[in-house]
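Asker: My questions all concern the structure below.
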Amino acid sequence: MSLKEQLKKDFSTITLTLMAVAIVLNIVLGQVVSLLKLPIFLDSIGTVLVALLAGPWAAALTGLLTNLIWGLISDPVAAAFAPVALIIGLAAGLCAKYGLFKKWWQAIISGVIITLALSIIAIPIRVYMFGGVTGSGADFITAYLLATGRDLFSAVIVTVIGDNLIDKVVTALLAWGIVKGLPKRFTARFPRASAVTE
Amino acid sequence: MLIPHSLYQPGETLVHRLHPLTKLVYSLAAAAIIFGGPGMWLSAILPGLLAILLLWRAGLTGRAVIMVLRLLAPLTLVLFLVHGLFNPQNQTILIQLGPFFVGQEGLAFAALIVVRLIAVLVSSLSFVMTTHPAHLVQALEEAGLPRRLAYLLGSPLLIMPQLAGRVQAIQAAQQARGLETQGNLLMRIRALFPLVAPFIFSALVDVEERSLALEVRGFSASTPKTSLFELPDTPAQHTARWVMFLLAAFLLAAGFWWRANGGH
């Protein structure tokens with residue numbers, strides 16, 4: 001299949017509407033879970049859902065646009081992390097493509113892989129643009145590691161991975177559970193969904 | 001619970017009436033110069049000052065200051081604390097605090113980061129606060145962005161209020177059925193799926209209807225489409241966009257050269 005045909009298949013009208021809804025899920029869902037006071041934010045669940053249903057390219061674009069729109073409507077700082085969201089989509093999509101989203105324990109492995117992939121992009125952005133801090137509770141750990149003699153870069157590696165690991169594993173598990181629970185007549189409309197459901 | 005729908009502040013000032021692309025190019029060029037330009041302070045301060053001037057002409061200085069404080073105040077505090085006390089490059093002792101000391105190098109580093117963040121934030125605010133999101137999407141489409149991509153930028157803004165309303169309905173419904181959202185960690189983890197899943201399922205069910213509705217209205221048709229609004233553009237703004245683009249490219253190159261020759 002040529003690249004053009006693949007792109008056409010990956011970006012059908014129903015995939016586009018799925019991506020639009022997924023962008024809103026990314027932005028809105030954090031509000032629901034904040035009620036539970038868990039250390040998760042679920043701001044990439046829509047992206048991972050797109051990754052499972054429509055593949056890595058559609059998911060990467062979903063992540064990128066989520067943060068750009070977020071920057072437009074509420075917090076311009078979020079736009080700086082758009083490349084991170086892009087990598088999350090790409091990594092999740094590739095995991096699904098190579099059969100790492102068939103069983104629940106595979107979803108956990110995928111969550112770990114997504115965390116490692118996003119760290120590669122998130123760490124330089126945090127260090128170079130934000131001086132290694134975020135204004136959240138994770139900064140205590142950064143401060144502690146700096147005080148014990150680490151350099152800024154390795155201190156941020158620890159906080160970024162610690163911050164994201166639980167969140168991305170839970171996100172991957174939830175997305176897996178939801179795609180498994182979707183009716184067949186819905187998932188059948190997405191060419192990539194069979195990599196997860198079969 | 002408030003989910004904001006836009007930072008846009010309606011107005012009729014000169015800044016509001018600028019073409020969206022002009023303001024977009026300005027904020028992107030400013031971000032590139034602030035983080036990539038040569039010299040540390042000057043490259044950060046000049047684009048920021050220009051943006052403050054724009055915000056002042058748009059009558060939005062007060063709102064912009066509140067936004068900057070809300071978004072950057074906690075970060076600023078932590079930056080000065082962490083780097084003042086623990087930056088590994090601290091040599092010059094300013095204040096001794098028991099076993100710790102406040103170092104000059106760390107404070108200078110924190111100050112630079114804060115100035116850069118403020119500059120990049122006011123630059124993007126001068127764009128997003130004076131530009132209606134729909135006008136931006138239209139401008140991008142007129143400039144050649146594929147229509148499908150333009151849809152992806154514009155449509156979430158319209159779906160958001162609708163889905164945000166549903167969040168509250170599902171929360172209330174599940175709590176009425178006795179869902180425990182407080183209690184120990186295990187109880188809260190178990191509440192996660194019943195809170196999140198119905199919301200996602202119902203949002204996904206909409207997807208099919210939406211795509212059918214779009215297809216029926218000729219979304220995939222390749223014929224040119226007419227827009228209700230017209231965005232005024234001027235030759236001067238067209239030139240200004242190119243000048244800003246070239247200036248940013250030049251300063252980025254200069255910044256690379258400056259860093260390669262020992263700048264920080």
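The values are calculated or read from the model by the stated rules, or taken from the named source; none is laboratory data. Quantities reported herein were computed from a predicted structural model and do not represent experimental measurements. Cβ atoms come from the backbone with ideal geometry, glycine included; neighbour counts cover every protein chain shown.
Asker: Search the stretch A:6-65 for residues being closer than 17 Å to A:ILE114 by Cα and among the aromatic types (Phe, Trp, Tyr), and hand back the single one that is modelled with the highest pLDDT.
Answerer: Looking at the filtered set, the residue picked out is A:TRP57.
Asker: Which one of the conditions (1) touching a helix residue (DSSP H, G or I) at 6+ places or on another chain (Cβ under 8 Å); (2) away from chain A (no Cβ under 14 Å) does B:LEU42 fail to meet, given that it meets all the rest?
Answerer: B:LEU42 satisfies all of (1) touching a helix residue (DSSP H, G or I) at 6+ places or on another chain (Cβ under 8 Å); (2) away from chain A (no Cβ under 14 Å) except (1).
Asker: Within the stretch B:235-264, how many residues turn out to be surrounded by 12 or more Cβ atoms within 10 Å (Cβ to Cβ) and of a type in the set (S, T, N, Q)?
Answerer: 1
Asker: Also, quick follow-up: Quick one: is B:ILE159 under 23 Å from the mean Cα position of the chain (by Cα), in a helix (DSSP H, G or I) and within 9 Å of chain A (Cβ to nearest Cβ)?
Answerer: Considered against the rule, which asks whether it is under 23 Å from the mean Cα position of the chain (by Cα), in a helix (DSSP H, G or I) and within 9 Å of chain A (Cβ to nearest Cβ), B:ILE159 comes out as yes.
Asker: Could you list, in sequence order, all residues of the stretch A:1-33 that are within 18 Å of the chain's Cα centre (by Cα) and among the β-branched types (Val, Ile, Thr)?
Answerer: A:THR15, A:VAL21, A:ILE23, A:VAL24, A:ILE27, A:VAL28, A:VAL32, A:VAL33 - these are the residues of the stretch A:1-33 that are within 18 Å of the chain's Cα centre (by Cα) and among the β-branched types (Val, Ile, Thr).
Asker: Run down A:ILE125, A:ILE178, A:ILE109, A:ILE113 and say which single residue is in contact with a Cys (Cβ under 7 Å, 6 or more places away or on another chain), at pLDDT 90 or above and of a type in the set (A, V, I, L, M).
Answerer: Sole residue among the options that is in contact with a Cys (Cβ under 7 Å, 6 or more places away or on another chain), at pLDDT 90 or above and of a type in the set (A, V, I, L, M): A:ILE113.
Asker: Going through the stretch A:168-198 one residue at a time, which ones are within 12 Å of another protein chain (Cβ to nearest Cβ) and of a type in the set (D, E, K, R)?
Answerer: Scanning the stretch A:168-198 gives A:LYS180, A:ARG185, A:ARG189.
Asker: Can B:LEU140 be described as within 9 Å of another protein chain (Cβ to nearest Cβ) and surrounded by 13 or more Cβ atoms within 10 Å (Cβ to Cβ)?
Answerer: no
Asker: List the number of the failed condition for A:GLY135; all other conditions in (1) touching a helix residue (DSSP H, G or I) at 6+ places or on another chain (Cβ under 8 Å); (2) under 19 Å from A:GLY63 (Cβ atoms); (3) free of Cβ contacts under 8 Å to residues at least 12 places away in the same chain hold.
Answerer: Condition (2) is where A:GLY135 drops out.
Asker: Could you grab the pairs with beta carbons closer than 9 Å, sequence gap of 6+ or different chains, first residue in the stretch A:171-198 and assigned to a loop (DSSP other than H, G, I, E, B), second one of a type in the set (Phe, Trp, Tyr)?
Answerer: If the second residue must be of a type in the set (Phe, Trp, Tyr), the pairs left are A:LEU182/B:PHE201; A:ALA193/A:PHE186.
Asker: Those residues that are assigned to a loop (DSSP other than H, G, I, E, B) and at the interface with another protein chain (Cβ under 7 Å from one of its Cβ atoms), I need them from the stretch B:166-205; list them, please.
Answerer: B:THR181 - this is the single residue of the stretch B:166-205 that is assigned to a loop (DSSP other than H, G, I, E, B) and at the interface with another protein chain (Cβ under 7 Å from one of its Cβ atoms).
Asker: While we're on this one: Please tell me if A:ASN26 is of a type in the set (S, T, N, Q), without any contact (Cβ under 8 Å) to a residue 24 or more places away in the chain, closer than 23 Å to B:LEU153 by Cβ and buried (at least 19 other Cβ atoms within 10 Å of the Cβ).
Answerer: No.
Yes/no per residue for (1) in a helix (DSSP H, G or I); (2) assigned by TED's automatic domain parsing to the domain that holds B:LEU125; (3) surrounded by fewer than 19 Cβ atoms within 10 Å (Cβ to Cβ):
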| site | (1), (2), (3) |
| --- | --- |
| B:ARG70 | yes, yes, yes |
| B:PRO74 | yes, yes, yes |
| B:LEU79 | yes, yes, no |
| B:GLY84 | yes, yes, no |
| B:GLN91 | no, yes, yes |
| B:LEU94 | no, yes, yes |
| B:GLY106 | yes, yes, no |
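Asker: Would you mind finding the one in A:LEU36, A:LEU64, A:LEU118, A:LEU68 that is within 11 Å of the chain's Cα centre (by Cα) and within 13 Å of chain B (Cβ to nearest Cβ)?
Answerer: A:LEU64
Asker: Right, another one. Which of the following residues is within 13 Å of chain B (Cβ to nearest Cβ), touching a Phe, Trp or Tyr at 6+ places or on another chain (Cβ under 8 Å) and surrounded by fewer than 19 Cβ atoms within 10 Å (Cβ to Cβ): A:TYR128, A:TYR144?
Answerer: A:TYR128
Asker: Go through the stretch B:144-156 and give me each residue that's in a helix (DSSP H, G or I) and of a type outside the set (A, V, I, L, M).
Answerer: Result: B:ARG147, B:ARG148, B:TYR151, B:GLY154, B:SER155, B:PRO156.
Asker: Any residue at all in the stretch B:54-68 that's within 12 Å of chain A (Cβ to nearest Cβ), over 17 Å from A:GLY71 (Cβ atoms), surrounded by 15 or more Cβ atoms within 10 Å (Cβ to Cβ) and in contact with a Pro (Cβ under 9 Å, 6 or more places away or on another chain)?
Answerer: no
Asker: Further, regarding this structure: Which is touching a strand residue (DSSP E or B) at 6+ places or on another chain (Cβ under 6 Å), without any contact (Cβ under 8 Å) to a residue 60 or more places away in the chain and either closer than 28 Å to A:ALA143 by Cα or not small (Gly, Ala, Ser) (or both), of B:LEU69, B:LEU85, B:LEU53?
Answerer: Residue meeting the stated conditions: B:LEU85.
Asker: Can A:LEU25 be described as facing chain B (nearest Cβ under 7 Å) and outside any helix (DSSP H, G or I)?
Answerer: In short, no.
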